[in-house]
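The structure under discussion appears below in the form of structure tokens.
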Amino acid sequence: MTGIEKSPATTDDLFAPQGNRLTVLSFGAGQDSSALLELYLDDPDFRRRYAPNDFVVVMSDTGDEFDQTYDHIRDVQRRCKEAGVEFVLINPDMGFHSESWRSLRHFYRTKGTIGSKAFPKTCTDRLKIQPIYRWLEHWLSQRYGVKCNRKAGIREFAARYGRIKMMIGIAKGEESRMADPAKNPNRWYRESIEPIYPLVDMGMDRAACQELLHAKGLYVIPSNCKACPFLSEPELEYLRRFNPESLADWVELEAAKLKKHADKNEVIVTDKDGQPKRDRHGNVKVENRNYGVFGVTPLPVKIEQAKEDYASWSDEDIAAYRYSHGHCVATAF
Ligand code: SF4
């Protein structure tokens, strides 16, 4: 699966998990998972310890990454090819994304909705986790001959070859994002997947990952969707200055959602018995439940706020902030 030669065995092998046939690097194209890939490419000890046998890198495209991230992905694809490492970028045409979630904005546009801080977060699951595991079962069936049937193939593989090590780019200091696999609701996952976090294991924080990338001449920005409801004010200002068209499209998508759901602008507030609540003047209480990206404050207002708050920051300041702050709140998978 890789052209990289494995190092001869050393005493370290006593601690290396040799039993598992396959390690999958879940690549997000940000700084953490990029550092993991560089470690894999460069460091025989790393490979021996975390990916001693078959190895594949996989990324699911949200369709809304920054241009620099797509450039980085292309560069990584090229270098993986040269090194004989399989890199799979799952795009919607491959059939592993659902029809509703072909991309982040496709979902917003076709459903007349918008990702909001006020709603439960489903985007990471729909755009990344689900496509990756659909692809994985299909890939296993082609490579190892297991059947492909609602994750039975993943279980079959794990029963034959040991649990699949899913290598996740979470750095030291971000441990709260590490998931407990025993708590995963899916039996196939509990039985077949072993998430591993080498950066935490090795004590590498985000700064150490940046340093490692710099040493290789790589300037990798944190990866996240441009229309992500979890971005911070300076990131919004970054978008306004550097990606105004993308921001304008996002504003339109929010406006379309707010228009479509205008009936929720004034919802009667009820008590636990379903009776309308009243204020001290006896008037029925109403509430705006027509949420946009940031709840009831519309995106254009937030944009203006960010513009004002960061007026004194130069373009370089804003870009430096963007470089050092990733914000995708994806939990581990
Ligand atoms: S970056 Fe934001 S919008 Fe994109 S998948 Fe992650 S949480 Fe969702």
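The values are calculated or read from the model by the stated rules, or taken from the named source; none is laboratory data. This one's a predicted model, so the numbers in the text were calculated from it and none came from an experiment. Glycine gets a Cβ as well: all are built from the backbone with ideal geometry, and neighbour counts include every protein chain shown.
Determine whether the range 295-302 contains at least one residue that is surrounded by 15 or more Cβ atoms within 10 Å (Cβ to Cβ) and part of a helix (DSSP H, G or I).
yes
Could you list, in sequence order, all residues of the range 74-91 that are in a helix (DSSP H, G or I) and surrounded by fewer than 19 Cβ atoms within 10 Å (Cβ to Cβ)? Steps first, please.
Within the range 74-91, the first condition is being in a helix (DSSP H, G or I), and the residues that meet it are 74-83.
Those that are in a helix (DSSP H, G or I) and surrounded by fewer than 19 Cβ atoms within 10 Å (Cβ to Cβ): Arg74, Asp75, Gln77, Arg78, Arg79, Lys81, Glu82, Ala83.
Given the criteria in the same structural domain as Glu304 (by TED's automatic domain parsing), within 16 Å of the ligand (Cβ to nearest atom) and of a type in the set (A, V, I, L, M), does Leu258 qualify? Don't jump to the end; show me each part of the working.
On the way: in the same structural domain as Glu304 (by TED's automatic domain parsing): yes; within 16 Å of the ligand (Cβ to nearest atom): no; of a type in the set (A, V, I, L, M): yes.
No; evaluated as a whole, the condition is false for this residue.
May I ask you to list the residues in the range 198-233 that are more than 16 Å from the ligand (Cβ to nearest atom), outside any loop (DSSP other than H, G, I, E, B) and not small (Gly, Ala, Ser)? Steps first, please.
In the first step, residues of the range 198-233 are kept if they are more than 16 Å from the ligand (Cβ to nearest atom); the result is 198-219.
Adding the requirement that they be outside any loop (DSSP other than H, G, I, E, B) leaves 198-201, 205-215.
Correct list: Pro198, Leu199, Val200, Asp201, Asp205, Arg206, Cys209, Gln210, Glu211, Leu212, Leu213, His214.
If a residue has to be surrounded by fewer than 20 Cβ atoms within 10 Å (Cβ to Cβ) and in a loop (DSSP other than H, G, I, E, B) to count, how many in the range 35-58 make the cut?
So the answer is 2.
Report yes if some residue within the range 17-26 is within 30 Å of Arg109 (Cβ to Cβ), in the same structural domain as Glu194 (by TED's automatic domain parsing) and at pLDDT 95 or above; otherwise report no. Show your work before the answer.
Residues of the range 17-26 within 30 Å of Arg109 (Cβ to Cβ): 26.
Going one step further and asking which of them are in the same structural domain as Glu194 (by TED's automatic domain parsing), we end up with 26.
Now restrict to residues that are at pLDDT 95 or above: 26.
Within the range 17-26 (the criterion being within 30 Å of Arg109 (Cβ to Cβ), in the same structural domain as Glu194 (by TED's automatic domain parsing) and at pLDDT 95 or above), the answer is yes, since at least one residue qualifies.
Inspect all residues belonging to the range 120-135 and state whether any of them is crowded, with 16+ Cβ neighbours inside 10 Å, assigned to a helix (DSSP H, G or I), away from the ligand (no atom under 16 Å from the Cβ) and touching a residue at least 60 places away in the same chain (Cβ under 8 Å).
yes
Which residue out of Thr331, Thr297 is among the β-branched types (Val, Ile, Thr) and at pLDDT below 95? Break it down into steps so the answer makes sense when it comes.
Numbers: Thr297 fails: at pLDDT below 95.
Sole residue among the options that is among the β-branched types (Val, Ile, Thr) and at pLDDT below 95: Thr331.
In the range 235-250, what count of residues is obtained for those that are within 16 Å of the ligand (Cβ to nearest atom) and either modelled with pLDDT under 95 or closer than 24 Å to Ser312 by Cα (or both)?
Start the filter on the range 235-250 by keeping residues that are within 16 Å of the ligand (Cβ to nearest atom), which leaves 235-236, 238-239, 243, 246-247, 249-250.
Filter again for either modelled with pLDDT under 95 or closer than 24 Å to Ser312 by Cα (or both), leaving 235-236, 238-239, 243, 246-247.
Summing the residues that are within 16 Å of the ligand (Cβ to nearest atom) and either modelled with pLDDT under 95 or closer than 24 Å to Ser312 by Cα (or both) in the range 235-250 gives 7.
What number of residues within the range 206-228 satisfy the criterion of being crowded, with 22+ Cβ neighbours inside 10 Å and either over 20 Å from the mean Cα position of the chain (by Cα) or assigned by TED's automatic domain parsing to the domain that holds Asp67 (or both)?
Final tally of qualifying residues: 1.
Cβ-Cβ distance below 9 Å, separation of 6 or more or different chains: which pairs start in the range 41-65 with a residue that is among the small types (Gly, Ala, Ser) and end on one that is outside any helix (DSSP H, G or I) and modelled with pLDDT under 95?
Ala51/Thr2
Scan the range 100-112 for residues that are part of a loop (DSSP other than H, G, I, E, B) and surrounded by fewer than 17 Cβ atoms within 10 Å (Cβ to Cβ) and jot them down. Before you say what the answer is, go through the steps one by one.
At the first step, the residues of the range 100-112 found to be part of a loop (DSSP other than H, G, I, E, B) are 100-103, 112.
Listed by number, the residues that qualify are Ser100, Gly112.
List the number of the failed condition for Asp93; all other conditions in (1) of a type outside the set (Gly, Ala, Ser); (2) modelled with pLDDT of 95 or more; (3) touching a strand residue (DSSP E or B) at 6+ places or on another chain (Cβ under 7 Å) hold.
Asp93 satisfies all of (1) of a type outside the set (Gly, Ala, Ser); (2) modelled with pLDDT of 95 or more; (3) touching a strand residue (DSSP E or B) at 6+ places or on another chain (Cβ under 7 Å) except (3).
Please tell me if Tyr310 is over 30 Å from Ala171 (Cβ atoms) and either touching a residue at least 60 places away in the same chain (Cβ under 8 Å) or within 16 Å of the ligand (Cβ to nearest atom) (or both).
Numbers: over 30 Å from Ala171 (Cβ atoms): no; either touching a residue at least 60 places away in the same chain (Cβ under 8 Å) or within 16 Å of the ligand (Cβ to nearest atom) (or both): yes.
No.
Farther than 23 Å from Phe66 by Cα, in contact (Cβ under 8 Å) with a residue 24 or more places away in the chain, more than 16 Å from the ligand (Cβ to nearest atom) and outside any helix (DSSP H, G or I) - does that describe any residue in the range 261-275?
Yes: the range 261-275 contains one or more residues that are farther than 23 Å from Phe66 by Cα, in contact (Cβ under 8 Å) with a residue 24 or more places away in the chain, more than 16 Å from the ligand (Cβ to nearest atom) and outside any helix (DSSP H, G or I).
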